[in-house]
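Each remark here refers to the structure printed beneath this line.
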Amino acid sequence: MTNFGLNTKYHASVEHPTRIYDGDFEGIGLNHIIESEYEGEKLFPVRGKSCSTNAMPFLSKKFQTYSEFGMAELDEIYTDESLEKSYRVEVNTLEPGVLINNGKGHFEFRPLPRRAQIAPCFGSAFEDVDADGNLDLILIQNFYPAQRETGQLDGGVSLLLQGDGQGGFDPIWPSQSGLVVPGDGTSLARADPNG
């Protein structure tokens, strides 16, 4: 399972998930997306006053200063009714990982090593690269089209993870693996031209 990794401004856990709302917060028939995260036990919007008021101008009348907006919890900015009516999804992990079938109808999530967490992973493929009989994992990393205030998420050059056959993966440095994909690596295609 590829994911955003742990080297971003976003933080998520089962106890404090990142919440994303899609709804009509102005009451004008136009939906907007609101990202929110917990600080302690309180839920706050991820976007600041400028970005939020550009999308929803009614907020500039409700909050005169950046400080007022920055101190307001999500339900102080948007009405309970609009939040409840909106479509909501939660993210409780940002780590790329693998789902291991336990053979009893359940899967166990295992996060990949820290080196796989430094940049968003998009393209992935299992392949026995070193011909040891165990599947290895190739990850293509980075994400350029993030919001302007976030900036490019480009901490990686992609990664080969050597599989141990038990669901564990060890990162191989790019200088050893030869796998270097700089830039916005948002996909991976695999081919076997000689069959």
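Rule-based calculations on the coordinates, nothing more; no lab input. Values in this document were obtained by computation on a predicted structure and should not be read as measured data. Backbone-built Cβ (ideal geometry, glycine too); neighbour counts: all protein chains shown.
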Exercise for the section: Note the listed values (1) 20.6, 66; (2) 16.6, 53; (3) 18.1, 57, then indicate which one is Rg and Dmax of the Cα atoms in Å calculated from this particular structure. Expected result: (1)
Practice task
Using Cα positions and a limit of under 20 Å, work out the lysines in reach of Lys9, with same-chain residues fewer than 8 apart set aside.
Solution key: Lys42, Lys49
Exercise for the section: Compute the separation of the alpha-carbon centres of segment 33-108 and segment 111-169 and state it in Å as a whole number. Expected result: 27 Å
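Using only the Cα atoms of segment 102-188, build the gyration tensor, take square roots of its eigenvalues as a ≥ b ≥ c, and label the shape rounded, prolate or oblate: rounded if a/c is under 1.5, else prolate if a/b is larger than b/c, else oblate. Could the numbers behind the result be given before it?
Working: a/c = 2.50, a/b = 1.50, b/c = 1.66.
In terms of gyration-tensor shape, oblate.
Based on DSSP H runs of at least 4 residues, each adding -39500 (n - 2.57), what is the mean residue ellipticity at 222 nm of the chain after dividing by all its residues, to the nearest 500 deg cm²/dmol? Each step should come with its number before you reach the end.
On the way: 6 runs with 32 residues, N = 195.
So the calculated ellipticity at 222 nm is -3500 deg cm²/dmol.
Using R₀ = 25 Å, calculate the FRET efficiency as 1/(1 + (r/R₀)^6) where r is the Cβ-Cβ separation of Cys51 and Glu26; round to 0.05.
Details: r = 15 Å, r/R0 = 0.61.
For Cys51 and Glu26, the calculated efficiency is 0.95.
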Exercise for the section: Grab the Cα-Cα distance for Asp192 and Trp173, subtract it from 0.36 nm times how many residues apart they are, and report the gain in nm with one decimal. Expected result: 4.4 nm
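At a Förster distance of 41 Å, what's the computed FRET efficiency of Arg148 paired with Phe109, Cβ-Cβ distance as r, to 0.05?
Numbers: r = 33 Å, r/R0 = 0.79.
Computed FRET efficiency for Arg148 and Phe109: 0.80.
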Practice task
Please work out the Cα convex hull volume for segment 18-91 and give it in Å³ per residue.
Solution key: 81 Å³
